[in-house]
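S.K.: First the structure, then my questions, so here it is.
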Amino acid sequence: MPEHSPETHVIDFRAAEQLLTARDPRGAIRLLDSVIAAHPENTAARLLRARAFFLAAQLRPAELEFQIVLEREPDNAFAHFALGRTLERANRPEESLRHFRLAAALEPRPEFIEAARFAHDDANGHGDGNGRGGNHGNGGDHRGGIGPDQGPA
């Protein structure tokens, strides 16, 4: 096994980003495993690995990684949004809605607001005008990806 240095970890991280862009999440996970083993405190690597787990449909590992990120950065709107998508995909709509709403509250991006169903609740008369609505069902397919265009701004 080749010797890893800080420089090779940066190269591995950048290569993992490219693999994820090329839709090879398993390849990205393999590269990020060594980066995170050497630098477990690296939140960016954990966030990237969580996205890779999500894209590889490894929902439990994705959930755990997103939770680690949120323990370190509770105000990370993208991590809340991505954890919400992960929980939604795992058919846990009530838990997912909580994270979608936290994401929208932290950063009111259109995709976060739509996932949080603030506009949906208010438009259908189910909300109180402050984004607190009564329609917490699945109410349509709000599934989506957590691609780079939805990553941290």
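S.K.: Mind checking the range 26-97 for GluC sites (Glu not before Pro) that DSSP puts in a loop (not H, G, I, E or B) and that have at most 12 other Cβ atoms within 10 Å?
M.R.: Passing sites in the range 26-97 are Glu41.
S.K.: State the extension gain, in nm to one decimal, for the chain segment bounded by Glu41 and Ala105, taking 0.36 nm per residue of separation less the distance between their alpha-carbons. It would help to have the intermediate numbers written out before the result.
M.R.: On the way: separation 64, 0.36 × 64 = 23.04 nm, distance 2.63 nm.
Going from the current span to full extension adds 20.4 nm.
S.K.: Roughly how many nanometres apart are two label points built 7 Å out from the Cα toward the Cβ at Asn91 and Asp33?
M.R.: 2.9
S.K.: Restricting to DSSP loop positions (anything but H, G, I, E, B) with no more than 11 other Cβ atoms inside 10 Å of their own Cβ, which trypsin sites (Lys or Arg not before Pro) remain in the range 17-56? Could you put the intermediate results ahead of the total?
M.R.: On the way: sites: Arg23, Arg26, Arg30, Arg46, Arg49, Arg51; in loops: Arg23.
Passing both the DSSP loop test and the Cβ count: Arg23.
S.K.: Using 0.36 nm per residue of separation minus the Cα-Cα distance, give me the extension gain between Gln67 and Ala22 in nm, one decimal.
M.R.: Numbers: separation 45, 0.36 × 45 = 16.20 nm, distance 2.54 nm.
Separation in residues times 0.36 nm, less the Cα-Cα distance, equals 13.7 nm.
S.K.: Tell me, in nm to one decimal, what length is gained between Thr8 and Arg60 on full extension, where the rule is 0.36 nm per residue of separation less the Cα-Cα distance? Walk me through the intermediate numbers first.
M.R.: Values: separation 52, 0.36 × 52 = 18.72 nm, distance 2.83 nm.
Length gained, Thr8 through Arg60: 15.9 nm.
A short reminder: the numbers here are calculations on the coordinates, not readings from a lab. Quick caveat: nothing in here was measured; it's all calculated off a predicted structure. Every residue, glycine as well, gets a Cβ built from its backbone with ideal geometry; the counts of neighbours run over all protein chains shown.
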